[in-house]
Amino acid sequence: MSQPPSVAIIGAGMSGLSAATRLRQADLQVTLFDKSRGSGGRMSSKRTELGTFDMGTQYFTARDPAFAAAVAQWRSAGWVAEWQPRLFRYDENGLAPSSDQQQRFVGSPRMTALSRGLLGDLPLHSNTRIEQLQRSDQQWSLLDSEGKRYGPFDYVIVAIPPAQALPLIRDAAALAAPAAQTEMEPGWAVALAFSASLNLPFDAVFVRSGPLDWVAREASKPGRVEAETWVLQSSPRWAHAHLDSEPQAVIGELLGALQTMLDAPLPAPTFQHAHRWLYARPAAISDWGALAAPAQGLYTCGDWCLGGRLEAAWLSGQHAAKALLDAT
Ligand code: FAD
Ligand code: NAI
């Protein structure tokens, strides 16, 4: 009996996991690689003694019917839950309630519960940065940063941000040209904990003035530990201007911006941590879905192929998997 086709997926964020789960359903042999300690990519949660902080994806919405169906399954599995924050907005007119009817979801008890659920028992080589793809006899082998070789594989899906993908896909013009023209914007995320309740009237704020972009109370999300824990996210523009700032300085500035927004001083945080995202979101929305070089058995996907949201990353992974399955 012939072996099922083998597929290497580089990147175990939402797009890579989406492609992996689809291909596993079709009985292909899938192996994931990620340079990080685990899966999830920008769907990341920092675990501390005071509870977890979602440092990347804050929540997600489901507009596409196929994605909505997947979210329904994830809810049944207990990996995600609906989040109903008390929403405010802040702009040049000040701070005001801004409730709406939009359904929003989060991983529960932390955002990475979703990536962990999707990964299941799929094989993942973590702490493995793939630096080179080599093709011979119609098959691929992968080389990591330590010079270790993996493979051979019949197909490769590169599911990472464009600047990181380019060295791997540069010989496939159909993939490399769009990747080279895609700009990603940076972002800073700050986690804060306070020893007592701040007694604020909101759980999250869409910020449209000053350095901040988003403020959320972690404990308002389902399944979290009851604690006064907050995540602040900067605007891309502010992050551009502060790319090389020290984390401590970033914490000070974003905490200062929060106090300006509240028009009140805050107590000193009992915990603080800053994370810089070099490739937080695409600067513009694309409609490629995924990119394919079927003659070479090479595909690429990621939110940058479709639109900078978790839903887009999932859909892009589905597009890549479909293109690959169409070619088998
Ligand atoms: P990634 O998640 O970036 O996954 C790529 C993976 O590839 C990573 O795990 C990385 O470690 C790995 N990798 C990279 N290079 C290599 C290599 N050479 N070898 C091996 N592995 C490699 N979306 C929403 O819908 N709602 C939100 O509220 C929201 N908030 C956000 C807030 C922040 C701060 C950020 C940064 C993003 C946010 N997003 C949000 C966007 C959302 O997180 C992304 O769209 C989505 O997670 C992208 O998934 P991906 O698979 O395309 O890429
Ligand atoms: P959504 O529909 O809740 O929000 C989309 C955008 O609409 C918001 O960014 C906000 O500008 C506006 N908005 C929505 N509801 C609002 C309300 N009640 N009051 C005021 N403004 C409101 O969610 P969607 O479309 O799924 O977007 C995902 C979120 O992810 C967005 O907030 C986006 O900014 C954020 N994101 C953040 C990234 C980062 O690096 N910080 C990267 C990618 C996405």
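The values are calculated or read from the model by the stated rules, or taken from the named source; none is laboratory data. The structure presented is a predicted model; accordingly, all values stated were derived computationally and were not measured. Here Cβ is always computed from backbone atoms with ideal geometry, including for glycine, and neighbour counts include all displayed protein chains.
Results, tabulated for the structure shown:
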item	result
All positions within the range 46-61 that are surrounded by fewer than 20 Cβ atoms within 10 Å (Cβ to Cβ), touching a residue at least 40 places away in the same chain (Cβ under 8 Å) and more than 10 Å from ligand 1 (Cβ to nearest atom)	Lys46, Arg47, Thr48, Leu50
Scan of the range 75-123 for residues that are surrounded by 20 or more Cβ atoms within 10 Å (Cβ to Cβ) and over 24 Å from Glu226 (Cα atoms), ordered by number	Tyr90, Leu118, Leu119
Ala72 being farther than 24 Å from Thr229 by Cα and either under 17 Å from the mean Cα position of the chain (by Cα) or crowded, with 22+ Cβ neighbours inside 10 Å (or both)	no
Sole exception among (1) charged (D, E, K, R); (2) within 16 Å of ligand 1 (Cβ to nearest atom); (3) within 21 Å of Ser18 (Cα to Cα) for Arg89, by number	(3)
Residue selected from the range 297-316 under the condition away from ligand 2 (no atom under 16 Å from the Cβ) and assigned to a loop (DSSP other than H, G, I, E, B), by the criterion farthest from Ala163 (Cα to Cα)	Gly297
Residues that are of a type in the set (A, V, I, L, M, F, W, C) and in contact with a Leu (Cβ under 6 Å, 6 or more places away or on another chain), drawn from the range 175-211	Leu175, Ala179, Val190, Ala193, Ala204
Filtered residue count, the range 217-250, keeping only those that are more than 15 Å from ligand 1 (Cβ to nearest atom) and among the β-branched types (Val, Ile, Thr)	2
Members of the range 216-258 found to be of a type in the set (D, E, K, R) and part of a loop (DSSP other than H, G, I, E, B), listed by number	Lys221, Arg224, Glu226, Asp244, Glu246
Single condition Pro265 does not satisfy, out of (1) under 22 Å from Ala113 (Cβ atoms); (2) without any contact (Cβ under 8 Å) to a residue 40 or more places away in the chain; (3) not acidic (Asp, Glu)	(1)
Subset of the range 279-293 that is more than 15 Å from the chain's Cα centre (by Cα) and buried (at least 21 other Cβ atoms within 10 Å of the Cβ) - its residue that is nearest to Arg47 (Cα to Cα)	Ala290
Test set (1) more than 27 Å from Phe60 (Cβ to Cβ); (2) touching a residue at least 60 places away in the same chain (Cβ under 8 Å); (3) surrounded by 16 or more Cβ atoms within 10 Å (Cβ to Cβ) - Ser141 fails condition number	(2)
Subset of the range 228-286 that is in contact with a Pro (Cβ under 8 Å, 6 or more places away or on another chain) and of a type in the set (Lys, Arg) - its residue that is nearest to ligand 2 (Cβ to nearest atom)	Arg281
Subset of the range 47-65 (residues that are of a type outside the set (S, T, N, Q) and modelled with pLDDT of 95 or more)	Phe53, Asp54, Met55, Gly56, Tyr59, Phe60, Ala62, Arg63, Asp64, Pro65
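For (1) within 16 Å of ligand 1 (Cβ to nearest atom); (2) buried (at least 18 other Cβ atoms within 10 Å of the Cβ); (3) in a loop (DSSP other than H, G, I, E, B), each residue gets a yes or a no:
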| site | (1), (2), (3) |
| --- | --- |
| Thr260 | no, no, no |
| Pro269 | no, yes, yes |
| Trp277 | yes, yes, no |
| Ala295 | no, no, no |
| Gln318 | yes, yes, no |
